[in-house]
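Chemist: Quick one: the structure is below, questions incoming.
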Amino acid sequence: MTEYFQHMPYELPKLPYAYDALEPYLDARTMELHHAKHHATYVEKLNAALDGQGDLAAKPLDALLRDITAVPEAIRMAVKNHGGGHHNHSLFWKLMKKNGGGDPSGPVSEAITQSFGDIKSFRDAFTKAAVGVFGSGWAWLVIDVSEKISIITTPNQDSPLMQGFVPLLGLDVWEHAYYLKYQNRRPEYVEAWWHVVNWDQVAENFDAAM
Ligand code: MN
């Protein structure tokens, strides 16, 4: 998918914008801690888990996640958590931008309308799924092998790739993503996040998956 996923050692990707670019919806301090500390730790621990693993270390991350049961049990949980964490966050940063939000257009918009009735209904269903994640996890718009799109949630740092889906849009609802600004008010964070969604990237992910 991108250069960071080719093989280990994996690297923390640079954000495609400044830490304060998504203000006032996502605050700069949260963005900095989230990227430079949380995401960096997933990368570090993923590299540590794959260190000395030969063939596995040469395998692209998305292939490791798609076939997670093929990863030896001794490091499977580490690859799932930290590999999933690296993959999910690398997608997440690109799925947001300054002056984002609004409605999607083009083929992905048509696919969403076809599956959910209209864009507002999709947004409501996605919001409900994100708010309803118990504990730490993610909400996703995904596409499957039959090109059907749907909303799913995953616990912890599980990647939709582990369930045979390709992620198109994802929202991190771990408390570390919003607690400094929103405390326990996850619904406010989710509402704010819609203002920074990068629909161009969703369209690109959709085109790449088709
Ligand atoms: Mn996170």
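Chemist: What FRET efficiency, computed as 1/(1 + (r/R0)^6) with R0 = 35 Å and r the Cβ-Cβ distance, is obtained for Asn184 and Lys37, rounded to the nearest 0.05? Mind showing how you got there, number by number?
Modeler: On the way: r = 21 Å, r/R0 = 0.60.
Rounded to the nearest 0.05, the efficiency is 0.95.
Chemist: Which angle from 0 to 90°, rounded to the nearest 10, does the C-alpha axis of helix 106-116 make with the longest principal axis of the chain?
Modeler: Tilt relative to the chain: about 80 degrees.
Chemist: How much length is gained if the chain between Ala70 and His7 is pulled fully straight, taking 0.36 nm per residue apart and subtracting their Cα-Cα distance, in nm to one decimal?
Modeler: Values: separation 63, 0.36 × 63 = 22.68 nm, distance 1.65 nm.
Computed gain between Ala70 and His7 is 21.0 nm.
Chemist: Using Cα atoms only, what is the angle between the long axis of helix 40-50 and the major principal axis of the chain, expressed in degrees (0 to 90) to the nearest 10?
Modeler: 30
Chemist: Over the range 54-210, with every protein chain in place, what whole percent of the accessible area is carbon and sulfur at 1.4 Å, could you tell me? Before the final figure, lay out the partial values.
Modeler: On the way: 3570 of 6930 Å².
Of all accessible area on the range 54-210, carbon and sulfur atoms account for 51 percent.
Chemist: Between helix 84-94 and the chain, what is the angle of the helix's C-alpha long axis to the longest principal axis, kept within 0 to 90° and rounded to the nearest 10?
Modeler: 40
Chemist: In nm, what is the difference between 0.36 nm times the number of residues separating Asp207 and Ala63 and their Cα-Cα distance? Could the numbers behind the result be given before it?
Modeler: Values: separation 144, 0.36 × 144 = 51.84 nm, distance 1.96 nm.
Full extension of this stretch gives 49.9 nm more.
Chemist: Once you have the Cα-Cα distance between Ala28 and Asn47, take 0.36 nm times their residue separation minus that, and quote the gain in nm to one decimal. Let's see the in-between values first.
Modeler: Working: separation 19, 0.36 × 19 = 6.84 nm, distance 2.72 nm.
Once the chain is fully extended between Ala28 and Asn47, it gains 4.1 nm.
Chemist: For Lys59, go through the lysines and keep the ones whose alpha-carbon is under 30 Å away, minus same-chain ones fewer than eight residues off.
Modeler: Partners within reach: Lys14, Lys37, Lys45, Lys80, Lys94, Lys148.
Chemist: List the relative contact order of the chain as a percent without decimals, with contacts defined as Cα pairs under 8 Å and 6+ residues apart.
Modeler: 24
The values are calculated or read from the model by the stated rules, or taken from the named source; none is laboratory data. Note that the coordinates shown come from a computational prediction; the quantities given were computed from them, not determined experimentally. Neighbour counts are summed over all protein chains in view; Cβ atoms, including those assigned to glycine, are modelled from backbone coordinates with ideal geometry. These area figures cover heavy atoms from the full protein model, side chains too; ligands, DNA and RNA do not enter into them. Shrake-Rupley method; radii C 1.70, N 1.55, O 1.52, S 1.80 Å.
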